[in-house]
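> Starting off with a structure, shown below.
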Amino acid sequence: MLKIAIQKSGRLYEDSIRLLKECGIELNNGNKQLKAVAFNFPLEVYFLRDDDIPQYVYDGVADIGIVGENVLLEKTKDIDLVYRLGFGRCRLSIAVPKAMQYESLDDLRGLKIATTYSTILQEYLSQKQVNAEIHEISGSVEIAPGIGLADAICDLVSSGSTLFTNGLKEVEVILRSEAVLTANKNLSEEKKQVLDKLLLRINAVKTAKNNKYILLNAPNHQLKNIFSLLPGMKSPTVVPLAEAGWSSVQSVVNENDFWEVIEKLKQYEAQGIIVIPIEKMIV
Ligand code: PRT
Ligand code: ZN
């Protein structure tokens, strides 16, 4: 049985649960207890505060955990980062009052910076050789300059609206973060095998999300060009159409180059292009 720690409530909760569901793992936890057991996979789920997860994984109370990379780096526990999950994206940034003249990091010298991320900030400032005072607080960092507690802040930002409403501007990005899967360094062979099974499923879900299934019709004389755009998993499937000289092509296209590929397909006389989401993809 593998034990996974996920956030009890907060920004990573929904996506963590959804990921397990998409991996086909069903939990018996209707009313958020501390712990849930999967019906159909050797997995036990612990619901914890995100800040505690690195410690629990380090101690082996949990074998693996889902946590923001920002928390993982702040807690500096010797645990492995095994997979970047692609949700909970944000950045850890330094922000100063809008009215402040800011040209470069030099402008932070001698200032007081409020943060809950003192370890990461300290390392960043040392690396950049900026001598500033770090004022560690436990929350509501964004109000610190307004109430005279600090000159600047270092906090997580996603849309930027919290900074905006507090009269602050983002001036340096220290770190880009997303949710990651972490693991204890000393898992038993049996647990490693369960983790590998879980990773295969996570990978299938993530790969599927990054790809689309595409079907189109094209004149045979353009097939070579079209194949160069759509390499597919091995190679595209080609089926002749009832109309002579035409074929139907089926393949997989990556989300990132999607629109570019579609434009080129049109240039190569592709017609009737249909794009379908993929649920799971094992390559
Ligand atoms: O109770 P617990 O300790 O478990 O939760 P928490 O309150 O400490 O964490 P939570 O749920 O707020 O965040 C969990 C994780 O989500 C973080 O560690 C990040 O990895 C990730 N994440 C992604 C964020 C944000 N985006 C985010 N925007 N965490 C916090 N914020 C906050 C930020 O601190 C600021 O107050 O949202 C505000 C800024 O948002 P914008 O959209 O206004 O810029
Ligand atoms: Zn927290």
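> Using C-alpha positions alone, give me the convex hull volume of the range 136-253 per residue in cubic angstrom.
Cα convex hull per residue, to the nearest whole number: 217 Å³.
> Can I ask one more? Using the Kirkwood formula over every pair of different C-alpha atoms, what hydrodynamic radius in Å results for the range 109-190?
Evaluated on the range 109-190, it is 14.4 Å.
> Do any of K77/K280; K3/K212; K192/K280; K8/K75 go past 25 Å between their Cα atoms, and which?
Checking Cα-Cα distances, K77/K280; K3/K212 exceed 25 Å.
> Now a separate question. Considering the convex hull of the alpha carbon atoms of the chain, report its projected area averaged over all viewing directions, in nm², one decimal.
The number I arrive at for the chain is 20.2 nm².
> If one takes the longest principal axis of the Cα atoms in the chain, at what angle in degrees, from 0 to 90 and to the nearest 10, does the Cα axis of helix 258-267 lie?
Orientation of helix 258-267: about 30 degrees from the principal axis.
> Angle, helix 13-22 long axis vs. longest principal axis of the chain, Cα atoms, 0 to 90°, nearest 10?
30 degrees
> Test of understanding: what is the full-extension gain from R11 to K192, defined as 0.36 nm times their sequence separation minus their Cα-Cα distance?
Working it through step by step, the gained length comes to 62.4 nm.
> Shifting gears a bit: How big is D, in µm² s⁻¹, for the range 1-146 by Stokes-Einstein at 25 °C and 0.890 mPa s if Rh is the Kirkwood radius over C-alpha pairs?
141 µm²/s
> Another question about this same structure. Cut-off under 13 Å on the C-alpha distance; same-chain residues fewer than 8 positions from K35 excluded. Which aspartates and glutamates are left, in chain and number order?
Straight-line reach from K35, under 13 Å: E44.
> I would also like to ask the following. Specify the angular offset, from 0 to 90 degrees and rounded to the nearest 10, of the alpha carbon long axis of helix 118-127 from the longest principal axis of the alpha carbons in the chain.
So the helix axis and the longest Cα principal axis differ by about 90 degrees.
> Charges at C-beta only: +1 for Lys and Arg, -1 for Asp and Glu. How large is the resulting dipole of the chain about its Cα centre, in Debye rounded to 20?
That gives a dipole near 740 debye.
Quick note: the coordinates plus some simple rules give every number you see, no bench work behind them. These figures come from a predicted structure and were not determined experimentally. Quick reminder, even Gly has a Cβ in these numbers, built from the backbone with ideal geometry, and neighbours come from all protein chains shown.
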